[in-house]
Each structure stands twice: as C-alpha cells, then as structure tokens.
Amino acid sequence: MPPINKYECNACEFELPMGWGGVAYVESNDGKRITLTHPIEDSVRERVLNIPPGTLSSFPHDKPKWWWLKKRLNTYKKNKEMYDLARARSGFLSDCICIDCMQKQRLDLKKDERKCCSCSSVNVKSLRDLLGNLCPKCKKGVITEIKTGIWT
C-alpha cells in the first residue's frame, strides 16, 4: 500500500497535489483514459479491457527467476496476450506543472509530449522533477515531500 504524501514549498507554502506523484490509468476502446484507484486497479483494468476477472491480479510482476515453476510459466505463456494488452493500454499519469503559467496537469511521461495544456509551453516539470529543487512560484524555497502518515 503506497503512502499519501504532501508536496509543498518550504518558503511560500505553494502546494502540489497530494498522493504519490500521480495515478495509474487504463485506456478504453475509444482511447479515453480511466484513472485507477488503489487497491482495485487490476479489477477495473480487467473490466475495461474485457479480460477474465483475476487474470491480472494473479500475474507476478516482480517475482525472482527461481519462483517461475513450469506450471506458473505455462500459465503466463497462456495469458501472455492479455498481459501484453494490459501493458500496452495502461500507464501512469504523473502530476506535472507548467513552469511558465503554473498550470497543474497530469501527463503520461512515457507516451505524452511534455506540453502545457493551457499555454502550450514545453517547460513542464513533473512533481518528481521538482522535489529538492527551487520552487517555481517564489524562486526562494525548495519543493519538499512531507510524510502524512496516511496509507491507501
């Protein structure tokens, strides 16, 4: 379960969105991005992609090589097309801000162009890019991550 953190400037208290830096999403058949909430992201992803329930939640994303017994490997091979579909139509929308106009937005940094939806500037930074750096608003403080103690 990921922690929910607060992000703000330590001088002017300029705030960025709370959370863990963004949100996962899945693309519907018509290309609409549907955000996924923890802990039910796999079940929503399966419903949107028309994949049998439980298929994605049973997929071991990060298991070591020794864990892959022949039976598990065969199950993976049988469902590989579904796993590939889920990977291709899923992503992560990172919390971003335009440094020029201060517009907050969410972008998939692997798929989307870093361009402001308001002023078309390419001077867009993700929350992770801003951590530990000068505040884009006051130019004096530093953007810090504050642990809230809240978990999802």
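We did not get these values from a lab; they are worked out from the coordinates using the rules stated. Source: prediction; values computed, not measured. Quick reminder, even Gly has a Cβ in these numbers, built from the backbone with ideal geometry, and neighbours come from all protein chains shown.
A few comments on the model shown:
- Lys-Lys pairs in region 83-152 that are eight or more residues apart or on separate chains and whose Cα atoms lie under 24 Å of each other come to 17.
- In plain terms, the residue of Asp84, Asp112, Asp95 with the fewest other Cβ atoms within 10 Å comes first and the most crowded comes last, giving Asp84, Asp112, Asp95.
- Estimated from the Cβ-Cβ distance and a Förster radius of 30 angstrom, the FRET efficiency linking Ile40 and Thr144 is about 0.45.
- Calculated mean projected area of the Cα convex hull in nm² (choose from (1) 10.9; (2) 12.2; (3) 14.6), label: (1)
- In summary, the lysines within cross-link reach of Lys70, defined as a Cα separation below 28 angstrom excluding same-chain residues under 8 places away, comprise Lys78, Lys80.
- What the Cβ-Cβ distance of Lys110 and Lys77 gives, at R0 = 25 Å and to the nearest 0.05, is a FRET efficiency of 0.45.
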